[in-house]
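Q: Got a structure here, written out as structure tokens. Questions coming.
The values are calculated or read from the model by the stated rules, or taken from the named source; none is laboratory data. None of the values given here were measured: they were computed from a predicted structure. Cβ atoms come from the backbone with ideal geometry, glycine included; neighbour counts cover every protein chain shown. Heavy atoms of the whole protein, side chains included, go into the accessibility calculation; ligands, DNA and RNA do not. Shrake-Rupley method; radii C 1.70, N 1.55, O 1.52, S 1.80 Å.
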Number of protein chains: 2
Amino acid sequence: MTSTPAAHDPNKMAVLRRTQAVFSVLLVLFVSPLPCHNVPAYQKPVMVQQTGKVLPKPQMLTVSAEAYTLAMSGFKFTYGSSSQMCDIVDQAFRRYYDLIFVVDGVKKAPVVSKDMSELTELQIMVKEPCTGVYPSLESSENYTLTVAAPMGTLVADSAWGVLRGLETFSQLVYRTDDGMIIINKTTVDDFPRFAHRGILLDTSRHFIPIKYIKQNLDAMAYNKFNVFHWHIVDDPSFPYQSVAFPDLSAKGAFNPYTHLYTQEDVKDVIEYSRLRGIRVVPEFDTPGHTASWGAGLPGFLTPCYDGSAPNGKYYAANPMLNTTYDYMTKLLQEIKDVFPDKYVHLGGDEVSFNCWKSNPDITKFMEKMGFGTDYSKLEEYYIKNILDITTSVGRDYIVWQEVLDNGVQVAKDTVVEVWKSNPSVPTEMARVTGQGLRAILSSCWYLNYIAYGEDWGKYYKCDPQDFSGTQAQKDLVIGGEACMWGEYVDGTNLIARLWPRASAVAERLWSNKDVTSMADATVRMDEQRCRMVRRGLNAEPLHPGFCQFEYD
Amino acid sequence: MTSTPAAHDPNKMAVLRRTQAVFSVLLVLFVSPLPCHNVPAYQKPVMVQQTGKVLPKPQMLTVSAEAYTLAMSGFKFTYGSSSQMCDIVDQAFRRYYDLIFVVDGVKKAPVVSKDMSELTELQIMVKEPCTGVYPSLESSENYTLTVAAPMGTLVADSAWGVLRGLETFSQLVYRTDDGMIIINKTTVDDFPRFAHRGILLDTSRHFIPIKYIKQNLDAMAYNKFNVFHWHIVDDPSFPYQSVAFPDLSAKGAFNPYTHLYTQEDVKDVIEYSRLRGIRVVPEFDTPGHTASWGAGLPGFLTPCYDGSAPNGKYYAANPMLNTTYDYMTKLLQEIKDVFPDKYVHLGGDEVSFNCWKSNPDITKFMEKMGFGTDYSKLEEYYIKNILDITTSVGRDYIVWQEVLDNGVQVAKDTVVEVWKSNPSVPTEMARVTGQGLRAILSSCWYLNYIAYGEDWGKYYKCDPQDFSGTQAQKDLVIGGEACMWGEYVDGTNLIARLWPRASAVAERLWSNKDVTSMADATVRMDEQRCRMVRRGLNAEPLHPGFCQFEYD
């Protein structure tokens, strides 16, 4: 059937199984005895004890052998006397209390040992006012955590740092097989390597119900991601219910009643994200990827021609009409009102020129503008207008790399997202940063592409600063994004397909550049996967083995 | 981003979107503009109306344009006056009533049109007594279904035929976007092409909670599969709680309290399967794939040697000891008592000879038996003994192809499961059936192997009778199995990964040999996927698009 096992030592296995909180890590080697099956043979299991490993690995972490118990009734989160207070932290206290004490949706009081010291309190100190704030690219996420009985402390500039520190604290805590909740004496001094650590979800190729968007936001928080790049509309459907243009979803959603993000839904997602220190960056991709806009916004798309007659097809925003820019001004004004983040993603990728070329009015416009037959100049004209509109409504922008590749003049504070590997990622990263622009990388993190077996290693090994350039260029790399495009993904498989594979990206973007050992990362990935499962997310297994608490 | 779209016609799309119960089927073509991303470009969407298509396609099906409504209060399943009655059918009445009228876990009364005739009753006639029966390889699953207002009829020899007919009936029913439940005037005369239509689940490499085993049994029933091949134990763990040898799971399960199938669990699974016309064929694979047996059954495995000294490792059942056969007799006797199916799967695959070769006692035994240095004779000796024991306790057996490949003399009623593609599937199928033995095929249906994109076509195109041989040989092919080996699968991703991909195998094993059009199958696959989602299973999407009711 599947594999030729190495000789195991069953007695040793049994002994190890009886130890507390044992995780089996089977190092899988691929051999190919058959031409088409690529049958894996697994090797001797390596047992790894669960001890509250933190993923992503903190910048500085010192764990002592001294361990404390936590009692459900005895433990509390508190504010320090001079701390700022706010709803973000209040709600995080409740969430993390539950994450520590709840198993399978039920609060499960731990066994408390009389022989061990007890940690009874974690006192939080927030330095900056945090009421009503939103996270931003400039937010501090630094924190210092000291765990020592009877009271630990967590100090941070901002509420965002507190959220990251509470996540670390909750991961340091582990539940033994005999029901105790343990944390070791620990000090952590931590901060992210990159400020932009994103996950892209595509809600156009499939509609993703709010329930799974929130599950994904939970997973993001557990892995210290801080940007939800919401690729909310595209060719297949337009599920965003616009106030200015309600027909866009009424005529462009898969179903205008059931496959829709209402204004209430969007507010809900933004608030859910804010409470987890996650920015919501919406993407309204133009001029291409706009097929679903056509029905609800007549005149917006370019009519395509066969010879001298329109053929009834439409493609891409019509760049020659003033109405196109009027529409986009109104829409971008609305986006500014709805989405609090300073950045909007404007897309700008993959524009085909065939339809523009076929249209005689566009040809005349090209002549009038002196573009000759260079349609990239027309694209540049469109994009330049959109960028200016965006600036004028008071938003900064992120664009896909083609905007720059096509020579469009962008503002100095533009963020460019690199997604192509052609000619190579390092070349493009060097080119973008060489122009003094900030870059985020997603090329190596298209997690929608799946393959049989364990594939997170390749995501782990990709480093966004791995290109030839000056230190100033390296400093312009502000992060990266794991992308889950929606061709084959919806609520049925989103979480299992994305997690824990995206945890590898999380560590690359947060931890120190020198954190590269696959062996060490494997231990953290395993525990993180089981931790997500215990917290109720169906994160998929990485290799044969088991979790202390399975998804059930 | 992801793709260069063809020019779409948004107005046409919008019109089609407004039609009732529209499914978007995007035919996906793969182009590779980038070296490493294999970015898909999707083509014009083809819209397909949901009309109650049946998967697997029945042998004979005539659907008229005449349509009837069903009312929730007005509709009932009944027994015909001369019908046999039993719990299998009683419970199926309740299940299928719910499957027709429940959406998102809530009974949702349909809108009833005064302008249409109403179907108020489906009268069932079961010819054979069905109380307390279990399905078998010889069971009739034939049925005849006539849908005509006001009363339809479903006639079958057995309760199993009724189950298949009720599934077909429930699929013919569809819910329109304006809330009506509709069924067209229809006649169906149906029977399976193959008698053995199985799904293999592996509960050793990962433990699968009973909840997901049952969800999979539901999916099997929706797709007319009739064999649950339960690969219950293997090297990594032994979750079956044996009455005769409780230490096997106590020392061989991942966790003996939480990662365990108790006798009650197994009874529960068997009864759940029986009520759905599904046989449970357990596999206790020996002599290899037994690492997890060692701790709980000391002396069962062969000690391996380095030179003249045991090296502390063990591998495979020890074929020279009488105690080995005593153990297996006791275990197989228990298996006979616990599992009602006439067949047990004995494994017999992938035996490495290295450990046996290293052991001096085995060497002496080989000499004594006159096996020379041909260890396949030793394997044959072991297997022959196990087959004889199985026969003596009153069970027939299925074995993996190696048993035959190694020249073991098997009983004439042995079923051989072909899983290798080396040298080729047709060669092996011809060889097995050429020896007059019955064959089931799984080689082309290892669904644990995943790839990016839509891959069900290759499963659909595989035909178990596609080899050179006489009609008598073809007739010895009794079916096939879709296998979901557990290296990367547990409760978190089992259903999404297996369904609807296994639906392609379902149709190949049930429908007529001539049902081969991919275009037609695509329509059925799409509707079947959305049907499973509506019934609460997280069957994953096949391509961009949407379902009337999403998984939420």
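Q: Choose one of B:VAL111, B:PHE169, B:GLN91: the residue whose Cα lies farthest towards the positive end of the charge dipole of the stretch B:50-190 (beta-carbon charges +1 Lys, Arg; -1 Asp, Glu; about the Cα centre).
A: B:VAL111
Q: Can you give the local net charge around B:ASP104? Use residues other than it whose beta-carbon is closer than 9 angstrom to its beta-carbon, Lys and Arg +1, Asp and Glu -1.
A: Computed value for this residue: +1.
Q: Once the piece of chain linking A:THR51 and A:ASP104 is laid out straight, how much longer is it, given 0.36 nm per residue of separation minus the C-alpha distance between them?
A: Net length gain for the segment: 17.1 nm.
Q: Related question: Where nothing but the Cβ of Lys and Arg (+1) and of Asp and Glu (-1) is charged, how large is the charge dipole of the stretch A:128-189 around its Cα centre, in debye to the nearest 20?
A: For the stretch A:128-189, the charge dipole is close to 180 debye.
Q: Would you mind giving the mean number of other chain beta-carbons within 10 Å of the Cβ of each residue in B:417-426, as a whole number?
A: Rounded to a whole number, the mean comes out at 3.
Q: Related question: With the cut-off at 1.5 for a/c, could you classify the protein assembly as shown from its C-alpha gyration tensor as rounded, prolate or oblate?
A: oblate
Q: What is the local net charge at A:THR414, summed over the other residues whose Cβ is closer than 11 Å to its Cβ (Lys, Arg +1; Asp, Glu -1)?
A: Net of charged neighbours comes to -1.
Q: Over all distinct Cα pairs, what is the inverse of the mean 1/r for the stretch A:50-190, reported as the Kirkwood hydrodynamic radius in Å?
A: 15.3 Å
Q: How crowded by other chains is A:535-546, given as the mean number of beta carbons from other chains within 10 Å of each beta carbon?
A: 6
Q: Leaving ligands and nucleic acids out of the surface, order B:ASP520, B:ASP552 by accessible area at 1.4 Å, largest first.
A: Correct descending sequence by accessible area is B:ASP552, B:ASP520.
Q: What full-extension length gain, to one decimal in nm, is calculated for A:ALA472 and A:THR427 as 0.36 nm per residue of separation minus the Cα-Cα distance?
A: Extending this stretch completely gives an extra 14.6 nm.
Q: Additional query: With all protein chains present, calculate the accessible area of A:GLU334 using a 1.4 Å probe and round the result to the nearest 10 Å².
A: About 10 Å², rounded to the nearest 10.
Q: Compute, for A:PHE371, the solvent-accessible surface of its heavy atoms (probe 1.4 Å) with the complete set of protein chains present, and express it in square angstrom to the nearest 10.
A: 30 Å²
Q: Heads up, I need the accessible area for B:TYR327: 1.4 angstrom probe, whole protein in place, Å², nearest 10.
A: Rounded to the nearest 10, that gives 60 Å².
Q: If you don't mind, another one. Once you average over the residues of A:306-312, how many Cβ atoms of partner chains fall within 10 Å of each Cβ?
A: Taking all residues of A:306-312 together, the mean is 1.
Q: A further question follows. Cross-link partners among lysines for A:LYS185, C-alpha distance below 21 Å, same-chain residues fewer than 8 apart left out?
A: In chain and number order, the partners are A:LYS53, A:LYS57, A:LYS76, A:LYS114.
Q: Put the label 7 Å from Cα along Cα→Cβ for A:ILE478; what are its distances to the other copies, in nanometres, shortest first?
A: List, nearest first: 6.6 nm.
Q: Under the Karplus relation 6.51 cos²θ - 1.76 cosθ + 1.60, θ = phi - 60°, what is the ordered set of whole-Hz ³J(HN,Hα) values for the stretch A:51-67, x standing for Gly and Pro?
A: 9, x, 6, 9, 10, x, 4, x, 5, 9, 9, 10, 10, 9, 6, 5, 10
Q: Which far-off residues, 5 or more places away or on another chain, put their amide H under 5 Å from the one on A:GLU417, with H placed in the peptide plane?
A: Answer set, sorted by chain and number: A:VAL399, A:TRP400, A:GLN401, A:ILE440.
Q: Sequence-distant or interchain residues sharing an amide H contact under 5 Å with B:MET125, placed H: which?
A: B:GLY80, B:LEU154, B:VAL155, B:ALA156
Q: Using the Karplus equation 6.51 cos²θ - 1.76 cosθ + 1.60 (θ = phi - 60°), what ³J(HN,Hα) coupling, rounded to whole Hz, does each residue of the stretch B:291-296 give in order, writing x for Gly and Pro?
A: Couplings: 3, 6, 7, x, 5, x Hz.
Q: Something else now. Net charge around B:GLY469, counting only other residues with Cβ within less than 11 Å of its Cβ (Lys, Arg = +1; Asp, Glu = -1)?
A: 0
Q: Going by amide H atoms built from the backbone, whose H comes under 5 Å of the H on B:GLU118, apart from near neighbours?
A: For B:GLU118, whose amide H was placed from the backbone, the distant partners under 5 Å are B:THR69.
Q: How do B:427-438, A:290-301 rank on mean C-beta neighbours within 10 Å, highest first?
A: Packing proxy ranking, top to bottom: A:290-301, B:427-438.
Q: For B:TYR97, A:TYR382, what's the largest-to-smallest order of accessible area, 1.4 Å probe?
A: B:TYR97, A:TYR382
Q: From the square roots a ≥ b ≥ c of the eigenvalues of the alpha-carbon gyration tensor of chain B, which class results: rounded (a/c under 1.5), prolate (a/b over b/c), or oblate?
A: prolate
Q: Determine which aspartates and glutamates satisfy two conditions relative to B:LYS108: a Cα distance under 18 Å, and not lying fewer than 8 residues away in the same chain.
A: Partners found: B:ASP98, B:GLU118, B:ASP177, B:ASP178, B:GLU550, B:ASP552.
Q: Roughly how far apart, in whole Å, are the Cα centres of the stretch B:279-327 and the stretch B:352-402?
A: 12 Å
Q: Work out from phi, with θ = phi - 60° and the Karplus expression 6.51 cos²θ - 1.76 cosθ + 1.60, the ³J(HN,Hα) of each residue of the stretch A:477-494, listed in order in whole Hz, and give x for Gly and Pro.
A: Values, residue by residue: 7, 9, x, x, 9, 8, 10, 10, 5, x, 3, 10, 9, 8, x, 5, 9, 4 Hz.
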